[in-house]
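Report on the following structure.
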Amino acid sequence: MLGDIFREEYEIVEASGGQMAIDIMESDARNLAVVLLDIIMPVINGFGVLEYMKKKGLLDGLPVVIVTDDDSEETSDRAFEYKVADLVVKPFEPKIIKRRVQNIIELYAYREKYENKA
């Protein structure tokens, strides 16, 4: 469903699980604008992916939006400890998540442009 929301405006790369997400980032992290990540995934869960991204230094320049069924305070606290850009709980309104993700992409692009000028 998320792919359908963004497909008209963005090239979508989808991973069926955490290990596949890591493999994609290993080969092409610089060409990603944002990562939409579920916590519950096969093989390696979302927190495992976040830990990988932290170890590789990817979290500073690559925004992550957690999209999850888990609305517990523990999950959101843990996600924000990794400095994710946002957390959206399912079910969500497609127009709202689209606007939030677009805002995050624009913010990170602006920040990168600003930091490169300094």
Exercise. On the phi < 0 side of the Ramachandran plot and modelled with pLDDT of 95 or more: does that describe Pro91?
Worked result: no
Seminar exercise, completed: Listed by first then second residue, the pairs whose first member lies in the range 69-91 and is free of Cβ contacts under 8 Å to residues at least 24 places away in the same chain, whose partner is surrounded by fewer than 11 Cβ atoms within 10 Å (Cβ to Cβ), with beta carbons under 6 Å and at least 6 positions apart or on separate chains, are Val89/Asp71
Exercise. Do you know which residues across the range 70-118 are polar (S, T, N, Q) and within 21 Å of Leu58 (Cα to Cα)?
Worked result: Thr75, Ser76, Gln102, Asn103, Asn116
Exercise. Restricting the range 34-55 to residues that are surrounded by fewer than 16 Cβ atoms within 10 Å (Cβ to Cβ) and at pLDDT below 95, which is nearest to the chain's Cα centre (by Cα)?
Worked result: Ile40
Exercise. Given the structure, is Ile12 among the β-branched types (Val, Ile, Thr), within 27 Å of Tyr110 (Cβ to Cβ) and either outside any loop (DSSP other than H, G, I, E, B) or within 12 Å of the chain's Cα centre (by Cα) (or both)?
Worked result: no
For this session: Please list, ordered by first then second residue, the pairs with beta carbon atoms under 9 Å, 6 or more apart or interchain, first in the range 41-52 and farther than 8 Å from Gly17 by Cα, second of a type in the set (Lys, Arg) and at pLDDT 95 or above.
Result: Phe47/Arg78; Leu50/Arg78
For this session: Would you check which residues across the range 56-89 are acidic (Asp, Glu) and crowded, with 18+ Cβ neighbours inside 10 Å and list them?
Result: Asp86
Seminar exercise, completed: Considering residues that are aliphatic (A, V, I, L, M) and farther than 15 Å from Ala109 by Cα, the number found within the range 55-71 is 3
For this session: Can you confirm whether the range 69-79 contains a residue that is of a type in the set (A, V, I, L, M) and under 19 Å from Gly3 (Cβ atoms)?
Result: no
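The values are calculated or read from the model by the stated rules, or taken from the named source; none is laboratory data. On a predicted model such as this, the values are computed, not experimentally measured, just so you know. Ideal geometry is used to build each Cβ from the backbone, glycine not excepted, and the neighbour counts take in all protein chains shown.
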